[in-house]
1. Is there a residue in segment A:316-326 that is under 20 Å from the mean Cα position of the chain (by Cα), outside any helix (DSSP H, G or I), farther than 20 Å from B:M289 by Cβ and of a type outside the set (F, W, Y)?
2. Return yes or no: is B:S189 within 15 Å of B:K127 (Cα to Cα) and surrounded by fewer than 23 Cβ atoms within 10 Å (Cβ to Cβ)?
3. Look at segment B:271-296 and say how many of its residues are within 7 Å of chain A (Cβ to nearest Cβ), under 12 Å from B:N152 (Cβ atoms) and touching a Leu at 6+ places or on another chain (Cβ under 9 Å).
4. If I filter segment B:268-314 down to residues being among the aromatic types (F, W, Y) and either farther than 11 Å from A:A324 by Cα or not in a loop (DSSP other than H, G, I, E, B) (or both), which single residue comes out as farthest from the chain's Cα centre (by Cα)?
5. Name the residues in segment A:203-249 that are assigned to a strand (DSSP E or B) and more than 17 Å from A:C286 (Cα to Cα), would you?
6. Specify the residue that is surrounded by the fewest Cβ atoms within 10 Å (Cβ to Cβ); the eligible residues are those in segment B:124-133 that are in contact (Cβ under 8 Å) with a residue 60 or more places away in the chain and of a type in the set (G, A, S).
7. Go through segment B:164-267 and tell me which helices (runs of 4 or more DSSP H), entirely inside it, have 2 or more residues that are within 10 Å of chain A (Cβ to nearest Cβ) and not aliphatic (A, V, I, L, M).
8. Would you point out the residue of segment A:271-288, among those that are of a type outside the set (S, T, Y) and touching a residue at least 24 places away in the same chain (Cβ under 8 Å), that is farthest from the other protein chains (Cβ to nearest Cβ)?
Amino acid sequence: MKGSSSRLAFSLGFLVGACSIYFFLRQVWFERSYPVLTEAQERATAVSESPTSWRKEGAALINLLHPHHADEDSRLADVLYHKVRVLCWVMTGPYNLQSRARHVRATWSRHCNVVVFMSSVEDPDFPTVGLGTKEGRDQLYWKTIRAFHYVYEHHASEADWFLKADDDTFVVVDNLRWILSNHTPEEPIYFGKRFKPYTKQGYMSGGAGYVLSKEALKRFVEGFRTKVCTHITPVEDLALGQCLEKMGVQAGDSRDTLHRETFHPFVPEHHLTGKFSKSFWYWSYCYYPIVEGPQCCSDLAVSFHYVEAELMYTLEYYTYHLRAFGYRPRYRPSVRQGLTPGPLSQTVVTAGLKAVQVVTDGRGHTTSASSLGGNTIKSETEPEKLGKDDLNSGVTENRTGVTQGRHR
Amino acid sequence: MLSEGGSFMKGMAMGAIFCLGLSLFGTFSPATEHGPGEHHHHHVKAPSKDELTRLSDSHVLELVNQVRVSCIIMVQPKILVYWATALDTWSKHCDKAVFYTSESSKALEAVDLNEEDDWARLRKALKHAYENAGDLRWFFVAKATTFAIIENLKHLVLTKDPEEPFYLGNAMKSGELEYVAYESGIVLSYEALKRLVNVLEDEEKCPERGHALWTMSEDKQLAVCLKYTGVFAENGEDSHGKGLFNSKSVDSLITDSMRDNPTNVVEGCCSDLAVTFNGMSPNQMQVMMFGVYRLRPYGHDFHDLLVFQPPEGSDND
């Protein structure tokens, strides 16, 4: 009897063992989920490398190809690219080239007309200029002074405006051009995130980036030549602001037409969702009243600061790539005079708000989406009363775009 | 007794090894009932710009009315912040957004299904949405922890007929079952939802409590039920074949792309007309609202065939 009960026990055990392993495997192996390959993955197309569109000129990268999106109409941006030439110089250092400057080079700096990376040490491969200073916070103003002198000496004729940014600043250069298009490079003026203390007219935050007109740059260099300006403090942004004030350069208002800030000293999350504590220095520094929440920042934001590598690419994706199909933004500022592409557009703009036909195979024709009449300020703040604007919405190729309003 | 115990243990060990061995050899796989025939992956692609420009004006007008979306948003009081964020952000872009909760909350309003079980709750919510569909023909189901760009969803299904059964999203495969992942949102056409609501009555094919000893996640259960009605999961992709429904957050996908395509991070990451992302914090969702609907470079225009107006009473988009 012992034998058969042993055998019974064995068979039972066998069953139990097999079943438990089966159930276990089923959960862990057979029914493990994995995503279905997309068509793009099935084709196994390697993401093609973007064509290099820069010409190296010494330590400067001259942009030959203004980056374009396949499906977009960027004629207006192209006009601005040629009319409002921006040289971007990026404050960096030898230890930050791989961790920070490299990502600037791969993202927003591609939209500048010329970009120069400024370091204490020359690097012909990156490339960077060697300013001959040491590294460190106390060297910031020295680096700034020398960088602006370098740019003035080597590239003054190649640009109209000269932007300084840090290697953790993200800049939307197309929006910078929009702000600057209302001014000329002969004006002694500079723009940035305006702070108020220690100066009469205020000065611009270094981290959020600031941009000088050609005249302003001339006066800055002149100030040092005549010793009106000297290296007074390593606090780069304040010192520069004080020098420019002495040289009669105006501190400009960089806010959009709804008085929303465009240059930002922190990351988007901080401005959009953060609450600045009342004791925070920021409250007493800002020249204009701080707005918290979504109205902190213009749709046409120009800069953000403290942007780390990953966020650089995320912001590039948000700015130039990710969009909502067909969405008509609330804020649609009018095109400034003299910027509409081609003479035909002038008559269209003045003819009023009629449905416009866009000819896509020609050159120099207007983009109807952006050329509205003079009542745009109203339409920006009162989106419900669209009225006349409806006619202009989404017109493509002889056909009126069909609108879908939303009623809740 | 000892020898029987010993035999039992030996038996168990032998049984385990036997099963393991068999599965390893793969000649007989216990989980698959079908032969090794290749299962066709279904892809549903968004229309290309060319396709859209070839449509007639009257056709476009029809499509505008057809492509209206009813959002079914599943919430729970324990994710109150996500609930509030969904309410304040992406749900405003649905033609109709209804929140379904497991239990009521004093802070926010929702249809209280009073149901703890996830699958039972999903069933009730879908049934309710179908019964109250009105003239809406597309249904989007998501948890409040997902972020969706409804305009891009409309673009994906623009030229698709809701009287055909569509069941779209991020398609996953588990054994032989292809299903749409819950985390990245589920899209159902009217016909698919109609068939589902009918089969929900069938206790055999689509029971409320699963037959198996373990419970399948509700997205798999949904796929099983739909399969009986002849509706199969399809992967939603853009006109270039890139996935539109993401189970990860933007940051996560960018990090992956920095590792996989270091020379072309943004292009290699995500679609320009992505529909969903998952795993974002409420603050990141607010940043995404800014990124999708507001932040843009001046002078770059897309002359899209349809124009969607901003929702009323909102300022973060």
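1. No: zero hits.
2. For B:S189, the condition - within 15 Å of B:K127 (Cα to Cα) and surrounded by fewer than 23 Cβ atoms within 10 Å (Cβ to Cβ) - is met.
3. 4
4. Across segment B:268-314, the extreme among qualifying residues is B:Y298.
5. A:V211, A:L212, A:S213
6. B:A133
7. Answer list for segment B:164-267: B:218-228, B:250-260.
8. Checking each candidate, the answer is A:C286.
The values are calculated or read from the model by the stated rules, or taken from the named source; none is laboratory data. Since the structure is predicted, the reported quantities are computational estimates derived from the model, not experimental observations. Positions of Cβ are generated from backbone atoms using ideal geometry, with glycine treated the same way; all protein chains shown enter the neighbour counts.
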